[in-house]
Number of protein chains: 2
Amino acid sequence: MTEWYEVNRQTRAVDPSDRGFQYGDGLFETIAIRDGKPRQWQYHVERLNAGCERLGLELPGPSLELDLGVALARSNHDKSFCIAKIIVTSGSSVRGYGRMLPTPGEVYIGVFSATPLNKPAYLNGVATMLCETRLATGSPVAGMKTLNRIEQVLASSECLPTGAFEGFTLDVEDRLICGTISNVFIVKDKIVRTPSLDRCGVEGTMRRLVVRLLGQEGHNVEICDLMEEDLATADEVFITNSQMGAVPVHRCGNYKWSIGEQTREVMRLLANNGIDECRE
Amino acid sequence: MTEWYEVNRQTRAVDPSDRGFQYGDGLFETIAIRDGKPRQWQYHVERLNAGCERLGLELPGPSLELDLGVALARSNHDKSFCIAKIIVTSGSSVRGYGRMLPTPGEVYIGVFSATPLNKPAYLNGVATMLCETRLATGSPVAGMKTLNRIEQVLASSECLPTGAFEGFTLDVEDRLICGTISNVFIVKDKIVRTPSLDRCGVEGTMRRLVVRLLGQEGHNVEICDLMEEDLATADEVFITNSQMGAVPVHRCGNYKWSIGEQTREVMRLLANNGIDECRE
C-alpha cells in the first residue's frame with residue numbers, strides 16, 4: 001500500500017491535466033528513510049535542484065524537508081526503514097508542450113514500505129543480464145531523474161521473466177551506461193571505473209558517494225566511456241543505488257566475476273559512512 | 001476547460017500510482033473531431049496499436065471507438081470542431097519500472113475545445129525557429145507518440161517567448177527531425193523530402209496522409225536524412241499536423257522561403273481528401 005501526499009494534504013488523485021501525466025514533464029527522487037530520517041538528503045536535494053534548473057521548474061514553499069517531514073509524520077509505514085518518493089511536476093496547464101519559464105513546480109510525496117535486500121546478495125553478489133533495450137544518446141536531460149522513463153521500463157520488463165536481479169543497458173553506440181535502477185562500477189587491475197553519464201543515464205546519489213569516498217582514500221574513480229568489452233575483461237563488478245548501497249555482481253549473462261577486494265573496500269567505506277546495508 | 005473521461009466514467013483524478021504519471025509509461029493520440037467524428041481515425045488507431053505492441057500494452061474493452069463516442073456524447077464542447085485526446089497507460093502498479101508483458105492498458109479520454117488556425121497562416125505561411133534543444137538519437141520508441149515528451153516541452157518552451165509559431169528540432173547529430181507539434185517537409189527542385197524518423201521524432205498521421213496522397217499522384221516523397229543545410233537551400237517548406245493539415249512556412253530563423261506550387265498542391269490534395277482547413 002502506497003500513501004501519497006500533496007503538500008499540505010493526503011491525495012489519491014492527480015489532475016489528469018498535470019503535465020507530469022501528460023508529458024512526463026517533471027522529476028523525482030527516491031529516498032531511503034532510515035530511523036525516521038532521509039538518508040543522503042543533501043545529494044537528493046542537489047540533484048533535484050539541478051533538474052529543476054534544467055527544466056525551468058521552481059520548487060514551491062519554504063522547505064521540501066518540511067513537506068517530507070509532514071508526509072512521514074502522517075504515514076503509517078515503519079519509519080525506521082521505508083522509502084519516500086518526491087515527484088515534482090510542472091503542474092496543470094492548458095494543452096500544449098510549451099510553458100513559460102520558470103514554472104511553479106507541483107510537489108507530490110509518496111511513502112512506501114520497504115524490505116532490505118537479503119544478506120546473501122551482499123555476500124555472494126547478484127546475477128544481472130544485458131538488456132536488449134538500448135538507451136538513446138544525446139539526451140538534453142542526461143544524468144537527471146526525470147519522469148521520462150520508458151527506456152528503463154522496457155529494459156526492466158526484460159529482466160522480470162528471467163529472474164535477473166538487475167539489467168544493464170548499453171546506449172545505441174554500444175557504450176555501457178547503467179542498470180535500470182542502479183549505477184555500474186567496473187574494477188580492472190585495481191582501477192575502479194564507472195560510465196560517463198553525459199549522454200544518457202541517471203547520476204545516482206550512491207554513485208556520487210562512492211566516487212567521493214574512494215577519492216578521499218586516494219583512489220580516484222575514472223568516469224569514462226565503457227563498452228561491453230569492459231564487462232568481459234573486468235575483475236570485479238558492483239552496482240550502487242540509494243536504497244541498497246553497493247552490491248557485488250557475480251554475473252551478467254555469460255560474463256562472470258568473483259567478488260574481490262575493491263568491492264569489499266567500497267562496501268566497508270559505505271558502511272562507515274552511514275550506509276548500514278553494506279555492514280558485514 | 002478540459003473534460004476528462006475514463007472508460008465508463010468522467011474523471012478528474014488519475015491515481016498517483018498510475019505508471020503514466022510515474023514513468024510516462026504510455027502513449028497518446030490527439031485527434032481532430034470534425035462534424036462529430038474522429039478524423040483520420042484509422043491512422044490514429046494504427047499508430048496507437050503499433051505503440052501498444054512496442055510497449056507491451058493491451059487495449060482493454062471491445063472498442064476504443066465506442067469509448068470515444070461515449071466521451072464525445074457526454075462532452076459539452078462543440079462537436080463540430082474540437083479535439084479528443086486518448087491516453088493509454090500501463091495502469092497502476094507496485095513500485096518499480098518492470099512489468100509483466102503484455103500489460104492491460106488504462107484508457108483516459110479528454111475532450112478539448114479548439115480554434116481553427118487563421119486563414120492568413122494558410123495563405124502567407126507561418127514563422128518558425130530552430131530550437132537549441134536537441135533530440136536524443138536512437139530511441140527505442142522512435143516514431144511513437146509516447147508520454148515521454150520532455151524534449152518537446154523544452155523545445156516548445158523556447159518558442160513561447162519569441163512568438164514563433166513552431167520550433168524545428170535537430171537531433172544531436174545535426175539532422176533535422178521535426179517540429180515540436182508538426183512534421184517538416186522540404187521542397188527542393190520540385191522534389192518533396194521529409195526527415196526519416198527511425199532514430200527519434202514522431203510519425204504524424206498527417207505526414208502519413210501527405211506521403212500517401214503525393215505517392216498516388218506519382219510524386220513519391222523521399223524519406224531521408226536531412227540537415228540544417230537542407231533548410232538553407234530549400235525552395236519551399238511546409239509543416240503538417242493532425243489538427244491543421246498542411247501549413248506553409250515562410251521562415252525559420254534567418255532562412256526564408258516563398259510559398260510555392262508544391263506546397264499549394266499538397267494543400268489542394270488534402271482539401272480534396274477531407275482536410276477542410278486546407279481548402280482555399
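The values are calculated or read from the model by the stated rules, or taken from the named source; none is laboratory data. All figures in this text were calculated on a predicted structure; none of them were measured in a lab. A quick note on method: Cβ atoms are made from the backbone with ideal geometry, for glycine too, and the neighbour counts reach across all protein chains shown.
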Would you check which residues across region A:209-240 are surrounded by fewer than 21 Cβ atoms within 10 Å (Cβ to Cβ) and in a strand (DSSP E or B) and list them?
-> A:Glu222, A:Ile223, A:Cys224, A:Met227
Within region A:72-113, how many residues are within 12 Å of another protein chain (Cβ to nearest Cβ) and not β-branched (Val, Ile, Thr)?
-> 19
Residues in region B:44-57: is at least one more than 22 Å from the chain's Cα centre (by Cα), surrounded by 21 or more Cβ atoms within 10 Å (Cβ to Cβ) and not in a helix (DSSP H, G or I)?
-> no
Within region B:266-276, can you find the residues that are surrounded by fewer than 20 Cβ atoms within 10 Å (Cβ to Cβ) and touching a helix residue (DSSP H, G or I) at 6+ places or on another chain (Cβ under 8 Å)?
-> B:Arg268, B:Ala271, B:Asn273
Test each condition in (1) aliphatic (A, V, I, L, M); (2) within 11 Å of another protein chain (Cβ to nearest Cβ); (3) surrounded by 15 or more Cβ atoms within 10 Å (Cβ to Cβ) for A:Ala121 and report the one that comes out false.
-> (2)
In region A:142-166, residues that are within 7 Å of chain B (Cβ to nearest Cβ) and either surrounded by 20 or more Cβ atoms within 10 Å (Cβ to Cβ) or modelled with pLDDT under 95 (or both) total 12
Quick check, is A:Gln243 out of contact with any Gly (no Cβ under 9 Å at 6 or more places or on another chain), surrounded by 16 or more Cβ atoms within 10 Å (Cβ to Cβ) and assigned to a loop (DSSP other than H, G, I, E, B)?
-> yes
Of the residues in region A:58-87, those that are in contact (Cβ under 8 Å) with a residue 60 or more places away in the chain, surrounded by 14 or more Cβ atoms within 10 Å (Cβ to Cβ) and assigned to a helix (DSSP H, G or I) number 3
